[in-house]
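Working notes, structure below.
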Amino acid sequence: MHIASNGIALHVEQRGAGVPALVFLHYWGGSSRTWHHVIEALEPQFRTIAIDQRGWGKSDAPESGYTVADMADDAQGIIDALDLERFILVGHSMGGKVAQLIASRQPVGLIGLALIAPAPPGALGLDLATRQGMTHAYDTRASIIATVEQVLAPDGLDADDLETVIQDSLAGSPAAKAAWPLATSQEDIARAVTEIDVPVIVISGENDRVDPPAVIRREVLARIPQARLTVLPKIGHLSPLEAPEQIAALLSTFVRTLIQKDCAAPPTLR
């Protein structure tokens with residue numbers, strides 16, 4: 001379905017039922033489909049809401065408006081439109097940076113934050129020439145396969161999942177493809193994330209070549225003291241596709257812990 005948010009129409013995939021809901025934000029190059037294995041594992045237990053971010057999947061693709069704040073406003077609009085009483089943000093890579101900004105605003109109803117191979121809150125430490133090269137990573141089927149094999153998932157993907165990645169990356173709008181490496185990745189929200197006041201789990205792949213565990217420890221955990229890191233052995237950057245069952249199990253445990261805490265809190269604090 002499509003939901004109007006922040007002046008555009010965003011495609012949203014919603015499954016399951018219950019409280020809290022899990023709101024999923026995908027990586028640069030992906031779509032709500034990036035989460036389909038994880039969601040299938042969670043669907044019997046939880047309500048899940050996966051968003052195609054602007055310029056990706058079936059959502060509108062405006063020519064501008066690709067800042068972290070724009071995408072955070074988009075997601076918050078979906079949360080408001082669905083009137084979520086309690087929710088947990090789950091962000092992967094670029095979606096992880098967006099989720100960090102949303103959480104830093106301390107929105108009503110947010111009870112937890114799960115960051116999967118998240119982009120750090122600070123500026124991406126790559127020179128302009130390298131970032132300009134990144135804008136062509138998703139130009140063709142061949143360039144996407146090379147990006148997956150050399151960077152995103154060097155240990156390989158299932159053939160069907162690789163095809164999903166190829167199609168999602170090809171379908172991205174030119175504005176969305178260019179915005180992340182040239183501008184959005186350079187935004188610095190490091191000061192903002194210190195305001196995050198909910199429990200946080202961080203899941204990183206041991207073989208992640210985009211945001212390795214050492215970077216996550218230095219750039220994310222150092223700024224969000226309550227965050228707890230789990231490193232998945234032999235997994236790269238596309239962990240929602242490489243290790244969906246492990247991701248789902250960690251999310252399930254996290255959510256159940258939050259539910260217990262939420263139920264135990266005094267009524268005036270809920």
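If you go through region 131-144 and pick out every residue that is within 21 Å of the chain's Cα centre (by Cα) and not in a helix (DSSP H, G or I), you end up with 3.
Got a sec? Which of 76, 106, 100, 53 is more than 19 Å from residue 198 (Cβ to Cβ) and of a type outside the set (D, E, K, R)?
Working: 76 fails: more than 19 Å from residue 198 (Cβ to Cβ); 106 fails: more than 19 Å from residue 198 (Cβ to Cβ); 100 fails: more than 19 Å from residue 198 (Cβ to Cβ).
On inspection, the qualifying residue turns out to be 53.
Within the group 110, 115, 101, 126, which residue is closer than 23 Å to residue 222 by Cβ, among the hydrophobic types (A, V, I, L, M, F, W, C) and free of Cβ contacts under 8 Å to residues at least 60 places away in the same chain? First the steps, then the outcome.
Working: 110 fails: free of Cβ contacts under 8 Å to residues at least 60 places away in the same chain; 115 fails: free of Cβ contacts under 8 Å to residues at least 60 places away in the same chain; 101 fails: free of Cβ contacts under 8 Å to residues at least 60 places away in the same chain.
Of the residues listed, the single one that is closer than 23 Å to residue 222 by Cβ, among the hydrophobic types (A, V, I, L, M, F, W, C) and free of Cβ contacts under 8 Å to residues at least 60 places away in the same chain is 126.
Within region 160-197, the residues that satisfy the criterion of being surrounded by fewer than 17 Cβ atoms within 10 Å (Cβ to Cβ), under 27 Å from residue 241 (Cα atoms) and of a type outside the set (Asp, Glu) are 167, 170, 174, 175, 182, 183, 186.
Of all the listed residues (204, 173), the sole one being touching a Leu at 6+ places or on another chain (Cβ under 7 Å) and either closer than 28 Å to residue 70 by Cα or not hydroxyl-bearing (Ser, Thr, Tyr) (or both) is 204. Of all residues in region 145-156, those being surrounded by fewer than 19 Cβ atoms within 10 Å (Cβ to Cβ) and assigned to a loop (DSSP other than H, G, I, E, B) number 3.
Among the residues making up region 91-121, those that are under 8 Å from the mean Cα position of the chain (by Cα) and outside any loop (DSSP other than H, G, I, E, B) are 91, 92, 94, 95, 96, 97, 98, 99, 115, 116. The single condition among (1) surrounded by 15 or more Cβ atoms within 10 Å (Cβ to Cβ); (2) over 16 Å from residue 46 (Cα atoms); (3) modelled with pLDDT under 95 that residue 217 does not satisfy is (3). Tallying residues that are touching a Phe, Trp or Tyr at 6+ places or on another chain (Cβ under 8 Å) and either among the β-branched types (Val, Ile, Thr) or under 16 Å from residue 87 (Cβ atoms) (or both) within region 39-60 yields 5. Counted as qualifying within region 162-270 are the helices (runs of 4 or more DSSP H) with 3 or more residues that are not aliphatic (A, V, I, L, M), namely 174-182, 239-242, 244-264.
Taken as a whole, region 254-261 holds no residue that is in contact with a helix residue (DSSP H, G or I) (Cβ under 7 Å, 6 or more places away or on another chain), closer than 30 Å to residue 165 by Cα and modelled with pLDDT of 95 or more. Within the option set 231, 255, 198, being touching a strand residue (DSSP E or B) at 6+ places or on another chain (Cβ under 9 Å), β-branched (Val, Ile, Thr) and more than 23 Å from residue 36 (Cα to Cα) holds for one residue only, 198.
The values are calculated or read from the model by the stated rules, or taken from the named source; none is laboratory data. From a predicted model like this one, the values you see are computed outputs, not experimental measurements. No Cβ is skipped: glycine too gets one built from the backbone with ideal geometry, and neighbour counts run over all protein chains shown.
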